[in-house]
Structures are given as structure tokens and as C-alpha cells.
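K.L.:
Sharing a structure, written as C-alpha cells. Questions coming.
The values are calculated or read from the model by the stated rules, or taken from the named source; none is laboratory data. Quick caveat, the model's predicted, so the values are computed rather than measured. Methodologically, a virtual Cβ is constructed for each residue, glycine included, from the backbone with ideal geometry; neighbour enumeration extends over all protein chains shown. Each accessible area value is taken on the protein alone, full model and side chains, heavy atoms only, with ligands, DNA and RNA left out. Shrake-Rupley method; radii C 1.70, N 1.55, O 1.52, S 1.80 Å.
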Amino acid sequence: LEQASLRPKAVQRSLLASILEDNAGTVFGKEHGFSSIRNVEDYRARVPIRDYEDFRPYVQQVIAGDKRVLTRESPFMLATTSGTTGGPKLIPITTRFKRDLADTSRAWLSSVYDEYPSAFEGYCFMPVSPAIEGKTEGGIPFGSMTGLTYQTAPWLFRRSYAVPYEVMLLENYDLRYTVLMRFAMSKDVTLALTANPSTWLRLAEIGINYSAFIIEGIRTGTLGPELESVFKISHRDQAILDSLTKHLAPDPSRASYLSRVLELHGALLPMHVWPNLRVLGCWLGGSAGLQARRLREFFGQDIALRDPGFRASEAT
């Protein structure tokens with residue numbers, strides 16, 4: 001990636017040529033004459049800029065089971081993203097895109113490791129949405145790109161996850177965030193990553209509002225005392241909670257440490273719960289930057305803030 005960044009124009013042209021060649025035989029490729037496009041100017045003339053609604057008919061063909069519509073390679077899932085107008089957007093995801101996504105994750109992690117190697121000495125806390133949320137009538141799974149990123153990260157990185165993936169599947173958001181913090185606060189987290197800074201602010205509030213609840217769960221090796229009295233739990237969520245208990249064991253030493261933090265500071269703030277946390281990853285620019293400015297109130301003045309880059313369901 002670093003070598004390619006020194007010659008971006010040549011790399012981009014090569015990538016465009018590869019995409020056109022691979023997909024010339026698709027419905028979209030034939031309609032737009034991919035096989036006769038020779039340069040960027042040709043591409044701009046043949047393939048006008050358009051919004052999602054112009055692509056929706058093609059995506060509907062994909063959902064219906066048609067092959068080689070937008071890509072030569074059949075998508076193995078559809079990424080969900082909310083639309084500002086019209087119905088929800090579904091983005092076809094191919095194995096090539098999944099591989100490229102994993103490459104970008106490795107590049108980001110590598111750059112972080114070069115500057116903050118101690119961030120990889122403990123656990124990683126990475127809240128995401130479910131990779132698979134359901135299936136279309138044609139049987140194609142659909143779900144979140146963040147969940148897919150979680151599952152495609154390098155194995156050496158995945159093995160340090162502080163929270164089991166099943167927690168991300170809980171449908172009740174308040175319950176999910178509380179259980180996320182129950183698991184994460186039982187670990188020595190040194191690296192934390194999620195796209196939206198508002199997620200970190202909400203998780204920090206969970207630690208403040210449910211401090212005693214979380215400590216008791218860690219002390220007893222449970223998810224927390226009488227969850228059903230605090231949260232509305234569906235049968236599906238209850239089944240997930242039951243399966244999560246296999247990951248738990250009493251940890252009175254950690255609970256004692258957190259009790260001292262609570263007594264000293266009045267709340268379980270991330271900066272005190274995870275004193276070895278080195279890097280917090282999330283968006284720092286644009287409108288997200290307004291929320292990111294509040295992060296040091298909860299995570300400390302010395303935390304390194306790193307932007308994970310432009311990430312959307314359509315592209316990274």
C-alpha cells in the first residue's frame with residue numbers, strides 16, 4: 001500500500017482496467033461497453049455518476065438470483081445500509097471485496113503497530129453490528145459490513161478479542177451495550193476500535209450507569225444480577241445470553257480492582273478501568289469529529305486517537 005501510494009495514478013488506472021476486464025461480460029458491463037473502454041475519459045463518458053436508486057433494478061436482479069448482473073463473481077452476501085430516501089440499500093458483496101476489505105484492515109493495524117506496539121499486548125475491544133442479520137427470499141444473507149470486518153480481521157488479531165461475537169447478535173441495544181461492557185471491563189483492553197465515536201460515548205455511559213451491576217457480574221462469573229429485572233429480554237436474546245455463560249468464570253481479583261476504581265472515582269470510567277489502553281480508533285473528522293472531541297473526558301488525555309479511514313458499506 002505504501003509503495004502504491006507513491007504512484008497513485010498508475011495504480012488507479014491499473015485497478016480500473018482490471019475491474020473492467022473482469023466484469024465486461026456482466027449485464028452492467030455489456031450495457032456500458034466495458035470491453036471497449038480504454039482510459040479514464042472513456043469510463044467517465046460511458047458510466048455516468050448516479051445514486052443508489054439507479055442501481056436498485058440491478059440489485060433486485062441479484063436478489064432474484066440472476067448471475068453476472070453487476071459483477072462476474074456472484075455475491076455471497078448483501079451489506080445493509082440505511083437510505084436517506086427510498087427503501088433500505090442492499091450492497092452486493094463479493095469474495096474479492098471481502099479480501100480487499102481484509103487487506104485494508106491489515107494495513108491499518110500494521111500502521112498502528114508500528115507506532116504503538118504496546119496496543120497489541122492486551123485485549124482488543126471492537127463493538128460491531130451483526131455480520132448476518134437475515135436472508136433474502138432467494139437465500140442470500142444480508143448484514144453489516146462492520147460485522148464482516150470483525151470476522152475477516154487477521155487471526156492473530158481476532159484471538160485477542162475481549163468480547164465474544166455472540167454479544168453482537170443481541171437485539172435489545174441497551175442489553176447488548178451492557179453485556180459488551182460486562183465482558184470488556186473484565187479484560188485488560190489495550191486497543192479499542194469502532195467506526196462511530198458516539199458508540200464509545202454510549203459505552204462510557206453504560207460503565208457509569210451500571211458500575212455496580214458490572215462489578216457484581218464479574219465477581220460472580222455471571223452476566224449480571226437479575227438481568228430480566230433491568231432489561232426486556234426476548235426469547236432469542238435469552239438463548240444468546242444462555243450460550244454466553246460458557247465464556248464466564250468468577251474473577252474476584254478483577255472485581256476487587258474495579259470496586260477500588262469505583263470507590264476512588266465514583267464511576268467506572270474507561271480511563272481508569274483500562275489504564276493500559278493505548279489506541280482508540282474511530283472517525284475523527286466531519287460531523288463525527290464533534291462527538292470525538294468528548295472522548296478524552298472518558299478515555300483520558302494521553303489516549304492516542306486514530307481514524308480508521310473512510311468506511312462505508314459501498315467502499316473502504
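K.L.:
So is P88 surrounded by 13 or more Cβ atoms within 10 Å (Cβ to Cβ) and not hydrophobic (A, V, I, L, M, F, W, C) or not? I'd like the intermediate steps shown before the answer.
P.N.:
On the way: surrounded by 13 or more Cβ atoms within 10 Å (Cβ to Cβ): no; not hydrophobic (A, V, I, L, M, F, W, C): yes.
In short, no.
K.L.:
Can you tell me which residue in the range 66-101 is modelled with the lowest pLDDT, limited to those that are assigned to a strand (DSSP E or B) and of a type in the set (S, T, N, Q)? Walk me through it before giving the result.
P.N.:
Taking the range 66-101 as the starting set, the residues that turn out to be assigned to a strand (DSSP E or B) are 77-81, 89-93.
Subsequent filtering for residues that are of a type in the set (S, T, N, Q) retains 80-81.
Numbers: T80: 87, T81: 82.
Residue satisfying both the conditions and the ranking: T81.
K.L.:
A follow-up question, please. Do we find a residue being open to solvent by less than 40 Å² (accessible area, probe 1.4 Å), without any contact (Cβ under 8 Å) to a residue 40 or more places away in the chain, part of a helix (DSSP H, G or I) and out of contact with any strand residue (DSSP E or B) (no Cβ under 6 Å at 6 or more places or on another chain) anywhere in the range 152-170? Can you show your working first?
P.N.:
Within the range 152-170, the first condition is being open to solvent by less than 40 Å² (accessible area, probe 1.4 Å), and the residues that meet it are 152-154, 157, 160-164, 167-168, 170.
From the residues that got through so far, the ones that are without any contact (Cβ under 8 Å) to a residue 40 or more places away in the chain too are 161-163.
If we keep only those that are part of a helix (DSSP H, G or I) as well, we get none.
No, every residue in the range 152-170 fails to be open to solvent by less than 40 Å² (accessible area, probe 1.4 Å), without any contact (Cβ under 8 Å) to a residue 40 or more places away in the chain, part of a helix (DSSP H, G or I) and out of contact with any strand residue (DSSP E or B) (no Cβ under 6 Å at 6 or more places or on another chain).
K.L.:
Another question, if that's okay. What is the one condition in (1) open to solvent by 70 Å² or more (accessible area, probe 1.4 Å); (2) over 27 Å from the mean Cα position of the chain (by Cα) that E2 does not satisfy?
P.N.:
Answer for E2: the failing condition is (2).
K.L.:
Within the range 171-192, which residues are free of Cβ contacts under 8 Å to residues at least 60 places away in the same chain, among the hydroxyl-bearing types (S, T, Y) and surrounded by 22 or more Cβ atoms within 10 Å (Cβ to Cβ)?
P.N.:
T178
K.L.:
Right, S144: of a type in the set (S, T, N, Q), touching a residue at least 12 places away in the same chain (Cβ under 8 Å) and crowded, with 16+ Cβ neighbours inside 10 Å or not?
P.N.:
Details: of a type in the set (S, T, N, Q): yes; touching a residue at least 12 places away in the same chain (Cβ under 8 Å): yes; crowded, with 16+ Cβ neighbours inside 10 Å: yes.
Spelling it out, S144 is indeed of a type in the set (S, T, N, Q), touching a residue at least 12 places away in the same chain (Cβ under 8 Å) and crowded, with 16+ Cβ neighbours inside 10 Å.
K.L.:
So, one more: With the requirement that a residue be more than 17 Å from V230 (Cβ to Cβ) and either modelled with pLDDT under 95 or in contact with a Lys or Arg (Cβ under 7 Å, 6 or more places away or on another chain) (or both), what does the range 164-192 give you? I'd like the intermediate steps shown before the answer.
P.N.:
First, pick out the residues of the range 164-192 that are more than 17 Å from V230 (Cβ to Cβ): 164-166, 168-169, 184, 186-192.
Scanning the range 164-192 gives P164, Y165, E166, M168, L169, S186, T190, L191.
K.L.:
Then there's this: Would a scan of the range 44-64 turn up a residue that is part of a strand (DSSP E or B) and either farther than 30 Å from S111 by Cα or at pLDDT 95 or above (or both)?
P.N.:
Quick first cut of the range 44-64, residues part of a strand (DSSP E or B) only: none.
There is no residue in the range 44-64 that is part of a strand (DSSP E or B) and either farther than 30 Å from S111 by Cα or at pLDDT 95 or above (or both).
K.L.:
Does the range 102-112 include one or more residues that are more than 20 Å from L277 (Cα to Cα), free of Cβ contacts under 8 Å to residues at least 60 places away in the same chain and not in a helix (DSSP H, G or I)?
P.N.:
Checked against the condition, which is being more than 20 Å from L277 (Cα to Cα), free of Cβ contacts under 8 Å to residues at least 60 places away in the same chain and not in a helix (DSSP H, G or I), the range 102-112 yields no hits at all.
K.L.:
Just give me the residues in the range 122-139 being of a type in the set (A, V, I, L, M, F, W, C) and touching a strand residue (DSSP E or B) at 6+ places or on another chain (Cβ under 6 Å), in sequence order.
P.N.:
As a first pass, look at the range 122-139 and keep what is of a type in the set (A, V, I, L, M, F, W, C): 124-126, 128, 131-132.
Within the range 122-139, C124, F125, M126, A131, I132 qualify.
K.L.:
What number of residues within the range 62-73 are open to solvent by 60 Å² or more (accessible area, probe 1.4 Å) and not charged (D, E, K, R)?
P.N.:
The total comes to 1.
K.L.:
What are the residues in the range 198-222 that are hydroxyl-bearing (S, T, Y) and open to solvent by less than 10 Å² (accessible area, probe 1.4 Å), if any? Spell out how you get there, then give the answer.
P.N.:
Pass one, the range 198-222, residues hydroxyl-bearing (S, T, Y): 198-199, 210-211, 220, 222.
Scanning the range 198-222 gives a single hit, S211.
K.L.:
Kindly establish whether A195 is in contact with a strand residue (DSSP E or B) (Cβ under 6 Å, 6 or more places away or on another chain) and either buried (at least 20 other Cβ atoms within 10 Å of the Cβ) or assigned to a loop (DSSP other than H, G, I, E, B) (or both). It would help to see each step written out before you state the result.
P.N.:
On the way: in contact with a strand residue (DSSP E or B) (Cβ under 6 Å, 6 or more places away or on another chain): no; either buried (at least 20 other Cβ atoms within 10 Å of the Cβ) or assigned to a loop (DSSP other than H, G, I, E, B) (or both): yes.
When the stated conditions are applied, A195 does not pass them.
K.L.:
What are the pairs, 6+ residues apart or on separate chains, where a residue within the range 1-22 that is charged (D, E, K, R) has its Cβ under 9 Å from a residue that is open to solvent by 100 Å² or more (accessible area, probe 1.4 Å)?
P.N.:
Partner pairs satisfying both residue conditions: D22/R72.
K.L.:
Scan the range 118-141 for residues that are open to solvent by 60 Å² or more (accessible area, probe 1.4 Å) and assigned to a helix (DSSP H, G or I) and jot them down.
P.N.:
Scanning the range 118-141 gives a single hit, F120.
K.L.:
If you check E41, E21, E31, E115, which single one turns out to be open to solvent by 60 Å² or more (accessible area, probe 1.4 Å) and within 27 Å of the chain's Cα centre (by Cα)? Steps first, please.
P.N.:
Details: E41 fails: within 27 Å of the chain's Cα centre (by Cα); E21 fails: within 27 Å of the chain's Cα centre (by Cα); E31 fails: within 27 Å of the chain's Cα centre (by Cα).
Sole residue among the options that is open to solvent by 60 Å² or more (accessible area, probe 1.4 Å) and within 27 Å of the chain's Cα centre (by Cα): E115.
K.L.:
Is one or more of the residues making up the range 241-249 closer than 30 Å to D114 by Cβ and crowded, with 18+ Cβ neighbours inside 10 Å? Can you show your working first?
P.N.:
The initial filter retains those residues of the range 241-249 that are closer than 30 Å to D114 by Cβ, namely none.
Among the residues of the range 241-249, not one is closer than 30 Å to D114 by Cβ and crowded, with 18+ Cβ neighbours inside 10 Å, which makes the answer no.
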